[in-house]
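Notes follow the structure.
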Amino acid sequence: MSVELKLKSFTPAEIARIVNGKLELYGGEDGNAPQKYISTDSRESGAGVIFCAIKGQNVDGNDFIASAVNAGCGAFICQFVPEEAKQSGKPFAAVIVEDTVRAMGTLAAHYRGISGAKVIAITGSVGKTTTKEFIYAVASSAFKTHKTLGNYNNELGMPLTIFGIEPDHQVVVLEMGMSALGEIEYMTKIARPDMAIVTNIGTSHLASLGTRENICRAKMEIRLGLKENGILLLNADEPLLMNQYEQLDKKPMLMSVASRFGDFRAVNVRHKIDGIVYDLLYKNKAVTNIEIPALGKHNVYNSLAGYAVGVMLGMTDDQIRRGLKSFVSADKRQNVYDVGGITVIDDCYNASPESMRAAIDVLVSMAAKKNTRPAALLGDMLELGDYSRLMHDQLGQYAAQMQVQKLFCYGNMADIVAEAAIKKGIRAENVFVSVDTRDAQGMADMILGTLEPGDILLVKASRGIAAERVIECMKKRKVKKKI
């Protein structure tokens, strides 16, 4: 990814001072040429680009410095300069550091300090991206707003998002993910948010963190980078977060749906075919009939965070309402469309036990309103470690409990989900299994041979399963049948 630096360009000499690196000059370069772009991909390097050479598990970006020099790149942040580049005779400057990713983070922190924009940071086990999109929709109705794109929510992606801040941006919305303790602390100290939000604590990353308590510790690191007088917003319906609330000297703000605690409380929640309506209590007043174009109780929480940010930004209730109504779901997150008469809920981006249950709730609610049959393709949930078998068993039980009528189990854990669903009450002839995720067409044919026009199908799995391929195969097969 290449990002244009619109707030400020950097010379290699400046970069070396900021990141405390060693400046090396070759081919007559003086280190004072302003660089207007920053990139982590040597294929995007050229004149005016700072190429950050990242050493990954499989590829070492330092090995591509010579090709970048030949492409006209004159500035590098790297761990070493290959001999081939040194001998090219072309002018370039290299800032030598021990860790390129950390150097990028230091430079991003400096860049963030130049901007006067309000920064909103979001983390949580489930709902980070959807909450980000709600906040972006709200803020964008009144301010020029910048946000994390795609999955640029880690130690490398978040700095790149910060480098995308422009002079007229007034609000920046940053999503922060993690897989280990310390990662969110690192990111939040770069971002120095004005407001930080923890959506919930789930079971994602149990494989690496072991317990939900450790996951909570990791997520709560987000408060460590808050500016003085910054605001922390927590989900009051999550007991682990409420335990943290009790231990903090400076009390966070709270949002809630189920409990009476909360600075922002959603009450009288009503579900429609195409969205949700609820009333909101905050600051000793009531705001009635707030509409959001999203399904599922979990999206009430996500939109509450958006409302809270709007209030913090000084927006009026009418402005916030308009923003919430303009919300658009991120790609592959509960997008609904028709495939040959079958309503498909495409929720393929990721999955955890909590988000699986929430998606099944949405499916069953939609089916009831449309008076049709709910069906689900449930793929593997990854990163659950020793809990994987148990949680896939519980997933199958929940699908049966919620009376999913046709169940398609997809992935290595498909047999576990299927067996649990059958034991809990789904008839065996209504349960279909494919453990081979390479055969997306086979699963698509299984679905098309079983469902009828009017049925509703949820498709959900962890990102590594790529369940969206099944939907694409369904679309192609339906098109062929119509020809």
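Residue-wise test of (1) among the basic types (Lys, Arg); (2) modelled with pLDDT of 95 or more; (3) surrounded by fewer than 18 Cβ atoms within 10 Å (Cβ to Cβ).
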| position | (1), (2), (3) |
| --- | --- |
| TYR152 | no, no, no |
| MET158 | no, yes, no |
| ASP168 | no, yes, yes |
| GLU175 | no, yes, no |
| MET178 | no, no, no |
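From ALA196, ALA218, ALA180, grab the single residue that is in contact (Cβ under 8 Å) with a residue 12 or more places away in the chain, more than 23 Å from SER462 (Cβ to Cβ) and out of contact with any His (no Cβ under 6 Å at 6 or more places or on another chain). Let's see the steps before the verdict.
Values: ALA218 fails: more than 23 Å from SER462 (Cβ to Cβ); ALA180 fails: more than 23 Å from SER462 (Cβ to Cβ).
When all the criteria are applied, what remains is ALA196.
One residue is enough: does segment 402-413 have a residue meeting the conditions touching a residue at least 24 places away in the same chain (Cβ under 8 Å), in contact with a Phe, Trp or Tyr (Cβ under 9 Å, 6 or more places away or on another chain), basic (Lys, Arg) and over 21 Å from SER204 (Cα atoms)?
Within segment 402-413, one or more residues are touching a residue at least 24 places away in the same chain (Cβ under 8 Å), in contact with a Phe, Trp or Tyr (Cβ under 9 Å, 6 or more places away or on another chain), basic (Lys, Arg) and over 21 Å from SER204 (Cα atoms).
Tell me the helices (runs of 4 or more DSSP H) entirely within segment 82-144 that contain at least 2 residues that are more than 23 Å from the chain's Cα centre (by Cα) and surrounded by fewer than 24 Cβ atoms within 10 Å (Cβ to Cβ).
On the way: elements: 83-86, 100-114, 128-140.
Hits in segment 82-144: 83-86, 100-114.
So, in segment 333-346, of the ones that are crowded, with 19+ Cβ neighbours inside 10 Å and not in a loop (DSSP other than H, G, I, E, B), which residue ends up nearest to the chain's Cα centre (by Cα)?
If we take residues in segment 333-346 being crowded, with 19+ Cβ neighbours inside 10 Å and not in a loop (DSSP other than H, G, I, E, B), then ASP346 is nearest to the chain's Cα centre (by Cα).
Could you say whether any residue in segment 445-462 is in contact (Cβ under 8 Å) with a residue 24 or more places away in the chain, hydroxyl-bearing (Ser, Thr, Tyr), under 22 Å from ASP346 (Cβ atoms) and surrounded by fewer than 17 Cβ atoms within 10 Å (Cβ to Cβ)?
yes
Looking at VAL470, VAL417, which is the one that is farther than 20 Å from SER204 by Cβ and not in a strand (DSSP E or B)? Show your work before the answer.
Numbers: VAL417 fails: farther than 20 Å from SER204 by Cβ.
It is VAL470.
I need the full set of residues from segment 361-394 which are under 16 Å from LYS460 (Cα atoms), part of a loop (DSSP other than H, G, I, E, B) and charged (D, E, K, R), in order please.
ASP380, GLU383
Yes/no per residue for (1) aliphatic (A, V, I, L, M); (2) under 30 Å from GLU291 (Cβ atoms):
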{"position": "ASP318", "(1), (2)": "no, yes"}
{"position": "ASP338", "(1), (2)": "no, yes"}
{"position": "THR343", "(1), (2)": "no, yes"}
{"position": "MET356", "(1), (2)": "yes, yes"}
{"position": "VAL364", "(1), (2)": "yes, yes"}
{"position": "GLN394", "(1), (2)": "no, no"}
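Considering only segment 289-299, state which residues are surrounded by fewer than 20 Cβ atoms within 10 Å (Cβ to Cβ), in contact with a Phe, Trp or Tyr (Cβ under 9 Å, 6 or more places away or on another chain) and either assigned to a helix (DSSP H, G or I) or on the phi < 0 side of the Ramachandran plot (or both).
Correct list: GLU291, PRO293.
Tell me, yes or no, whether segment 89-98 has at least one residue that is without any contact (Cβ under 8 Å) to a residue 12 or more places away in the chain and out of contact with any helix residue (DSSP H, G or I) (no Cβ under 8 Å at 6 or more places or on another chain). So that I can check it myself, show each step before the final result.
Of the residues in segment 89-98, the ones without any contact (Cβ under 8 Å) to a residue 12 or more places away in the chain are none.
No, every residue in segment 89-98 fails to be without any contact (Cβ under 8 Å) to a residue 12 or more places away in the chain and out of contact with any helix residue (DSSP H, G or I) (no Cβ under 8 Å at 6 or more places or on another chain).
Within the set of pairs 6+ apart or on separate chains, which have a first residue in segment 45-66 that is under 18 Å from SER88 (Cα atoms) and free of Cβ contacts under 8 Å to residues at least 24 places away in the same chain, a second that is open to solvent by less than 10 Å² (accessible area, probe 1.4 Å) and assigned to a helix (DSSP H, G or I), and C-beta atoms under 8 Å apart?
Note: pairs meeting the criteria are ALA66/ALA85.
List pairs: first in segment 1-24 and at pLDDT below 95, second part of a helix (DSSP H, G or I) and surrounded by fewer than 19 Cβ atoms within 10 Å (Cβ to Cβ), Cβ under 6 Å, 6+ apart or cross-chain?
Listed pairs, sorted by first residue: SER2/GLU44.
Among GLY262, GLY225, which is within 26 Å of ARG112 (Cβ to Cβ) and open to solvent by less than 80 Å² (accessible area, probe 1.4 Å)? Explain how you work it out, then say what you get.
Working: GLY262 fails: within 26 Å of ARG112 (Cβ to Cβ).
Going through GLY262, GLY225 in turn, the sole match is GLY225.
In segment 4-72, which strands (runs of 3 or more DSSP E) lie fully inside it and hold 2 or more residues that are in contact with a Gly (Cβ under 7 Å, 6 or more places away or on another chain)?
Working: elements: 22-26, 37-39, 49-52.
By residue number, 22-26.
Condition first: within 14 Å of THR129 (Cβ to Cβ) and either surrounded by 20 or more Cβ atoms within 10 Å (Cβ to Cβ) or β-branched (Val, Ile, Thr) (or both). Now tell me which residues in segment 304-332 satisfy that. Don't jump to the end; show me each part of the working.
Filtering segment 304-332 down to residues within 14 Å of THR129 (Cβ to Cβ) leaves 305-306, 327-332.
Within segment 304-332, ALA305, GLY306, PHE327, VAL328, SER329 meet the criteria.
Restricting attention to segment 347-390, which residues are buried (at least 22 other Cβ atoms within 10 Å of the Cβ), within 23 Å of ARG270 (Cα to Cα) and either of a type in the set (S, T, N, Q) or in contact with an Asp or Glu (Cβ under 7 Å, 6 or more places away or on another chain) (or both)?
Matches in segment 347-390: SER355, ALA359.
The values are calculated or read from the model by the stated rules, or taken from the named source; none is laboratory data. In this text the structure is predicted, and so the values were computed from the model without any measurement. Backbone-built Cβ (ideal geometry, glycine too); neighbour counts: all protein chains shown. Just the protein is used for accessible areas: all its heavy atoms, side chains included, with ligands, DNA and RNA removed. Shrake-Rupley method; radii C 1.70, N 1.55, O 1.52, S 1.80 Å.
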